[in-house]
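The next block holds one structure in the form of structure tokens; read it before the comments.
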Amino acid sequence: MLELKNVWIRYGKNVAVRKLTLTVNKGDFVTILGANGAGKSSTLNAISGLVKIKRGEIHFKGQKINGLKPGAIAARGIIQIPEGRKLFPLMSVMENLEMGAYLCKDTKRVRDSLEKVLTLFPVLKEKLGGKARELSGGQQQMLAIARGLMAIPELLMFDEPSLGLSPLLRQQLAEKIKEVSREGVTIVLVEQNARLGLMLATYGYVMENGQLVLQGKTSDLMQDEGVRKAYLGV
Amino acid sequence: MPPAGIWIDGLVQSCIYMTMAFGMVLVFSILGILNWTHGQFYMLGAFVVYYAVTAAGVPFPLSLLISGVIVGALGMVVEKLVIERLTGPGYGLLAVTAATMALIFFFEGAAGMAFGLMAKGMATTLPGVLDMGSFSISYQKIAVIIFTLVIMVAMYIVLNRTKVGKAIRATAQQPDAASLYGVNVGWVSLIVMGIGCSLAAMAGGIMGPVQSVDPFMGRIPMIMSLLAIVIGGLGSLTGAIVGGIILGLLNSVIAYKISYFSEVALFLLVIVILLIRPQGLFGAAPK
Ligand SMILES: Nc1ncnc2c1ncn2[C@@H]1O[C@H](COP(=O)(O)OP(=O)(O)OP(=O)(O)O)[C@@H](O)[C@H]1O
Ligand SMILES: [Mg+2]
């Protein structure tokens, strides 16, 4: 469904990602692991069209999408839940959800997905009128996911959703992400918390300094000596 | 206590500064730049109204709308042809600042060539005064105040209740997330520039019959609305409104108390406000 072919990303002279090739199939749950600055966010931002790629191609459902505007890419069903949540802090919870469905013209569909999203995240129901910035960290992450789901994604990309959450909240978050995956949404999960990524996903890519160094089934990666040392601390 | 007339004159000025400042802050919140030629859109708006009323006999309220549309469209052209090309990766703030400053002289010169340098007086479009016993207000001034109220309520509704307005607010708060969900930030920039310039034009237009119309009339309101923005806190729409009100009233009252050097006193007062609260009344505290 998603294919990156020989992708290079550069900021000025600095190469952030080089020669990246990866594939995500429909219904997959893929994780991308890597240390600080490995190029994970850059990769997601390139797929979303926020960052231009210097070389290579990105295809989605057989069509080239690199070069399209972020909105056009979102319209095709690729939705990113960005690093640091990036909620609209002064807008209400409800308005944040509405913005998630910005591209959807069908009001009935918007109402349906609102209902679905609020069933998945009942905490948000009582907070609809409050401003996003008044929510707790955990609730903000839930809202970020809920806003993403409002867009009715086919491919949902998470950028470090567990950042700053307590272990308990991280557990809740993992449950929610699993539920979304079970609904049939294809998922790419970027995590620094490798344990979480490997536990949830079925296939993993490991990036170092902008390059792909390892890939495989998560069950195999968990047994890999290098991965265990570098990312799991065992 | 200054007489009521002084306060009313102050309030009329407040209305203009507020409308101007609101548009500038709206543009700033999306484009991240101060449009230095904002005052010239005020001036052009006044000219459109002047000619619409005197030469074409268009009714005053309709001519205000026409000036909003024409000058708003001109603002969009400036955004597309000048501002958009000079912003973005690789461009500093200097290029676009210099360009919008250059436009001040371009528009003033063009207006001077097209309409002449002489100030044009315009007959009152709403003659008569409202007698309030101890004081009276001209209908023309009441019109300015009502017009401003209507504009502000309309802006509130647009920004909070419409899809475009929500896209504008979302872009101002979190541009990356807004574009991730399909907001076309280039299009939003164009819209806010159109709205901002159209507000400036209508403010100039409604003041046409109160003052006189000339190519340089945009300078003082521009400086005043900049001050209003600084007092209110750069980036805050509420700040622009409150700053505008404070400045208009202060200006009028100070001028009444000390006719000499009233500007000096006003600017000193603004400096004192900023010494006490450098981020302005509604601005976020510097980190
Ligand atoms: N906007 C930018 N301008 C310049 N350099 C950037 C920019 N964004 C990222 N970089 C650089 O590109 C490299 C990859 O960054 P990226 O944010 O993609 O890494 P990451 O894997 O997401 O890291 P983290 O785990 O810290 O989020 C880093 O060296 C970073 O400094
Ligand atoms: Mg990152």
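No lab work stands behind these numbers, since they all come straight from the coordinates. As the structure is a computational prediction, the values presented were derived from the model and not from experiment. Counting neighbours? That spans all protein chains shown, and the Cβs are built from the backbone with ideal geometry, glycine included.
List of remarks:
- In summary, the lysines within cross-link reach of B:Lys141, defined as a Cα separation below 23 angstrom excluding same-chain residues under 8 places away, comprise B:Lys120, B:Lys257.
- With contacts taken as Cα pairs under 8 Å and at least 6 residues apart, region A:58-139 reaches a relative contact order of 34 percent.
- In this simple spin-label model, placing a label point 7 Å from the Cα along the Cα-to-Cβ direction at both A:Gln172 and A:Leu103 gives a separation of 3.0 nm.
- Size check on region A:131-234: the Cα extents along the three principal axes, sorted descending, read 45, 28, 25 Å.
- Other protein chain Cβ atoms within 10 Å, averaged over every residue that makes up B:158-171: 2
- Listed values for region B:145-161 are Karplus-derived 3J(HN,Hα) couplings in whole Hz (6.51 cos²θ - 1.76 cosθ + 1.60, θ = phi - 60°), namely 5, 5, 4, 5, 4, 4, 4, 5, 5, 4, 5, 4, 5, 4, 6, 9, 10, and x replaces Gly and Pro.
- Degrees, to the nearest 10: B:262-276 long Cα axis against longest axis of chain B: 40 degrees
- In terms of distances greater than 18 angstrom between alpha carbons, the cross-link table entries A:Lys5/A:Lys54; A:Lys13/A:Lys54; A:Lys125/B:Lys166; A:Lys125/A:Lys176; A:Lys26/A:Lys61; A:Lys69/B:Lys163 yield A:Lys125/B:Lys166; A:Lys69/B:Lys163.
- Candidates B:Pro61, B:Pro175, B:Pro127: whichever shows maximal mean-square fluctuation once chain B is modelled as a Gaussian network with Cα springs under 10 Å: B:Pro127
- Taking the convex hull of the alpha carbon positions in the protein assembly as shown and averaging its projected area over all directions gives 28.9 nm².
- Inter-centroid distance (Cα atoms) of region B:221-251 relative to region A:174-234, Å: 53 Å
- Helical runs assigned H by DSSP (4 residues or longer) give chain B a calculated mean residue ellipticity at 222 nm of -23500 deg cm²/dmol, each run adding -39500 (n - 2.57) before division by the residue total.
- Value of relative contact order over chain B, rounded to a whole percent, pairs C-alpha under 8 Å and six or more apart: 38 percent
- Cα-based Kirkwood hydrodynamic radius, region B:1-89, one decimal, Å: 15.0 Å
- Sorting A:39-46, B:275-282, B:136-143 by average packing, meaning the other beta carbons within 10 Å per residue, from highest down gives A:39-46, B:136-143, B:275-282.
- Considering only B:Gln174, B:Gln40, B:Gln13, the Gaussian network model of chain B with Cα springs below 10 Å gives its largest mean-square fluctuation to B:Gln174.
- Rounded to whole Hz, the Karplus (6.51, -1.76, 1.60) HN-Hα couplings of region B:12-20, x for glycine and proline: 4, 5, 3, 4, 5, 4, 4, 5, 5
- Debye log10 I(q)/I(0) at q = 0.15, 0.18, 0.19, 0.20 Å⁻¹ for region A:48-145, Cα point scatterers: -0.69, -0.90, -0.97, -1.03
- Lys/Arg +1, Asp/Glu -1 at C-beta; the protein assembly as shown dipole; positive extreme among A:Ser113, B:Val69, A:Ile65: A:Ile65
- Per residue, chain A reaches -10500 deg cm²/dmol at 222 nm when only DSSP H runs of four or more residues are counted, each adding -39500 (n - 2.57).
- Nonlocal amide H pairs with A:Gly216, under 5 Å, H built at 1.01 Å: A:Gly204
- 5 angstrom amide H check on A:Met207, placed H, neighbours 5+ away: A:Leu33, A:Gly34, A:Val213
- Separation of alpha-carbon centers, region B:174-204 and region A:42-74, rounded to whole Å: 25 Å
- DSSP beta bridges in the protein assembly as shown [antiparallel fraction, %, rounded to 5]: 60 percent
- Principal axes of region A:1-93: Cα extent on each, largest first, Å: 41, 31, 25
- Take every pair of alpha-carbon atoms less than 8 Å apart whose residues are at least six positions apart; their mean separation over the length of chain A yields a relative contact order of 27 percent.
- Normalised by residue count, region B:140-287 yields a Cα convex hull volume of 128 Å³ per residue.
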